[in-house]
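Asker: Here it is: the structure, laid out below.
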Amino acid sequence: RAKAEGRGTFCFFEQSMNDKVQARRAIEVDLRTALVRDELEVFYQPLFHLSAGQVGGFEALVRWRHPTRGLVSPAQFIPIAEELGLIVPLGEWVMIQACKEAVTWPRDIKVAVNLSPAQFRSNGLSKSIRRALNESGLPAGRLELEITESALLQDSEAVLATLHELRSLGIRIALDDFGTGYSSLSYLRSFPFDKLKIDQSFVREMGYRPDCQAIVVSVLGLAAELGMATTAEGVETEEQLEQLREFGCTEAQGYLFDRPRPAGEIRHWFAAKANTLPRGKTASLQSS
Ligand code: C2E
Ligand code: MG
Ligand code: MG
Ligand code: MG
């Protein structure tokens, strides 16, 4: 009986593995055509500046409107796009979309775009970013790039050269998801990041875990000493916001303010706010 059960379990396991492989294959096939079929869309989530008490920018977050699966999260298809070598065209597409959208926003609102490590391994990264800025007319000072430390793991000399080149154009560079991965402090020494984004896992546990709170406080202090701005990711409660304010965090991002939304909704939000404010004051809106 035990043997039969064991076999049954094994078959079930094998089946579910098989399902996963099938599902992944299906995503792979569809992803190859998603770009040409115009199924990708960029959503935007506000970055709330704490001392100014207003939204200072938006992070561009890609979504896939799959004809049958519905809205697919980037966590599901970005890794596959990286493996299939599709991340370069996909990343270029997101960049141009984000720049064209941001140029329609009030002048002091920035846009942050995520870059995959694989985009640094391709040769034309800085060229394609310059092209996106030229085509859209977005000033370089309004563009921020979010990179994770994994981009700095391989061939870091070449990556650092690219980062310095982009920086010299006036583009800001943020280190994303700080605190996950190796979090080696040597990354902070190797490149003068403009901003450090503290991963949401620390923010989430900050309220009830003294060790997480200590890490957040230390990282915020370190960033301040090094002259870097800070963003806390995944802020969902007033309590978290109050603590972050107290600890001197620069910026907060999370469902407490808003979820990522389609471009049209951000445009409407600006338009509605603009109507209620004197001309030229559009950028000093409150987020709520
Ligand atoms: P990320 O860059 O760390 O982006 C923040 C993620 O946290 C987003 O997930 C956002 O929707 C989510 N988030 C924001 N506030 C909250 C909150 O209060 N609570 C919780 N639980 N989550 C919150 P999303 O949009 O699913 O994106 C996941 C990841 O996919 C991103 O993490 C980024 O690494 C990657 N990604 C998204 N768009 C792009 C892209 O255009 N290019 C590349 N290379 N990667 C992208
Ligand atoms: Mg990011
Ligand atoms: Mg992040
Ligand atoms: Mg994150």
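Asker: Going through the range 76-149, which trypsin sites (Lys or Arg not before Pro) have at most 12 other Cβ atoms within 10 Å and a DSSP loop state?
Answerer: In loop regions of the range 76-149 (DSSP not H, G, I, E or B), the sparsely surrounded trypsin sites (Lys or Arg not before Pro) are Arg107.
Asker: Would you list Lys20, Lys197 from the most to the least accessible area, probe 1.4 Å?
Answerer: Lys20, Lys197
Asker: Report the Stokes-Einstein translational diffusion coefficient (µm² s⁻¹, integer) for the chain, Rh taken as the Kirkwood radius over Cα pairs, at 25 °C with viscosity 0.890 mPa s.
Answerer: 119
Asker: What number comes out for accessible area per residue over the chain if the probe is 1.4 Å? Units Å², please.
Answerer: Each residue of the chain exposes 52 Å² on average to a 1.4 Å probe.
Asker: Output wanted: per-residue J couplings in Hz (rounded whole) for the range 21-38, from phi through Karplus 6.51 cos²θ - 1.76 cosθ + 1.60, θ = phi - 60°, x for Gly and Pro.
Answerer: After applying 6.51 cos²θ - 1.76 cosθ + 1.60, I find 4, 4, 4, 5, 4, 4, 4, 4, 4, 5, 5, 4, 9, 4, 5, 5, 7, 6 Hz.
Asker: Using a 1.4 Å probe over the heavy atoms of the protein chains, calculate the carbon and sulfur portion of the accessible area of the range 149-194 as a whole percent.
Answerer: 50
Asker: Show the residues, 5+ positions off or on another chain, whose built amide H is closer than 5 Å to the amide H of Phe43.
Answerer: Under 5 Å from the amide H of Phe43 lie the amide H atoms of Leu61, Val62, Arg63, each far enough along the sequence or on another chain.
Asker: For the chain, what is the charge dipole size about the Cα centre, in debye to the nearest 20, if Lys and Arg each add +1 at the Cβ and Asp and Glu each add -1 at the Cβ?
Answerer: Its charge dipole is roughly 760 debye.
Asker: Oh, and also: Loop-only check: which chymotrypsin sites (Phe, Trp or Tyr not before Pro) in the range 168-259 are DSSP coil with at most 14 other Cβ within 10 angstrom?
Answerer: In loop regions of the range 168-259 (DSSP not H, G, I, E or B), the sparsely surrounded chymotrypsin sites (Phe, Trp or Tyr not before Pro) are Tyr182, Tyr208, Tyr255.
Asker: Relative contact order for the chain: what percent, with Cα pairs under 8 Å and sequence separation of 6 or more?
Answerer: 18
Asker: Could you work out the pair-distance distribution P(r) of the range 179-233 from its alpha-carbon pairs, with 5 angstrom bin width and percents rounded to whole numbers?
Answerer: 5, 19, 30, 28, 13, 5, 1
The values are calculated or read from the model by the stated rules, or taken from the named source; none is laboratory data. Being a predicted model, the structure only gives us computed values, none of them experimental. Here the Cβ is made from the backbone with ideal geometry for all residues, glycine too, and neighbour counts use every protein chain on show. Each accessible area value is taken on the protein alone, full model and side chains, heavy atoms only, with ligands, DNA and RNA left out. Shrake-Rupley method; radii C 1.70, N 1.55, O 1.52, S 1.80 Å.
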